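Colleague: Here it is, the structure, as structure tokens.
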Amino acid sequence: QSALTQPASVSGSPGQSITISCTGTSSDVGSFNLVSWYQQHPGTAPKLMIYEVSKRPSGVSNRFSGSKSGNTASLTISGLQAEDEGDYYCCSYASSKYVFGTGTTVTVL
Amino acid sequence: EVQLVESGGGLVQPGGSLRLTCAASGFTFSRYSMSWVRQAPGKGLEWISYISTSSGSIYYADSVKGRFTISRDNAKNSLYLQMNSLRDDDSAVYYCARLVLLWFGLDSWGQGTLVSVSS
């Protein structure tokens, strides 16, 4: 099972919106509405930001939103803030296993 | 407060074994499926194993199948990962994580424990 494909880096200015794509296949992203997104700051554990494609856990800002179309899922961060800098990983269920994305580094200019 | 605390990492020679432990607190451990996820230095996340609430369903990534064994003790609120035949590319920070419902996402993570495989 290959990793899901994400852009290596995405950047934006404070207040702007950015979108991170996550491309899989019909065996993972395309077949299940079980895509999640994680934020990771250097030296810390990942944090769940979105689950089940578009649901936000309690405590996660509504500036984060998720969607899916076909084999590609997306995470949008609106009103970009300095604290949003870090690495982001998508993850999809794929028949009795999880597959993570390659990871995207978000930089706030 | 949900807490997951991993332990048992360290330096081991290729071919050696280690047993990781994840101690859970702040929630009813027996009601949640759990997973192990690892991250090699400077690399991305890799899911490696899943165990259901009663240990009835267990799954592994192909990269560790046959070498690693996941288990749990609900009476002790603990999750384990027995790692045998360790290789250089098993070097990573190992995280335990709690699943939201079935496979909806991993909503709580430990701080990780570092495993280094080197001669």
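A short reminder: the numbers here are calculations on the coordinates, not readings from a lab. Since this is a predicted model, take the numbers as computed values, not measurements. Counting neighbours? That spans all protein chains shown, and the Cβs are built from the backbone with ideal geometry, glycine included.
Colleague: Where the centroid of each part is defined by its Cα atoms, how far is the stretch B:47-85 from the stretch B:25-42 in Å?
Modeller: So the separation of the two Cα centres works out to 10 Å.
Colleague: To continue, here is another question. Counting only other chains, what is the mean number of Cβ atoms within 10 angstrom of the Cβ of each residue in peptide B:40-46?
Modeller: That average works out to 4.
Colleague: Right, next: Could you give me the percent of Cα pairs per 5 Å distance bin for chain A, shortest bin first, beginning at zero and ending with the bin that holds the maximum distance?
Modeller: Answer for chain A: a P(r) of 2, 14, 25, 26, 19, 9, 4, 1 percent.
Colleague: If the reach is capped at under 19 angstrom between alpha carbons, list the aspartates and glutamates near residue A:55, excluding any in the same chain fewer than eight residues apart.
Modeller: Excluding near neighbours in sequence, the set is A:28, A:84, B:107.
Colleague: Would you mind computing Rg(Cα) / (2.2 N^0.38 Å) for the protein assembly as shown, counting N as its residues?
Modeller: Working: Rg = 17.2 Å, N = 228, 2.2 N^0.38 = 17.3 Å.
Computed over Cα atoms of the protein assembly as shown, the ratio equals 0.99.
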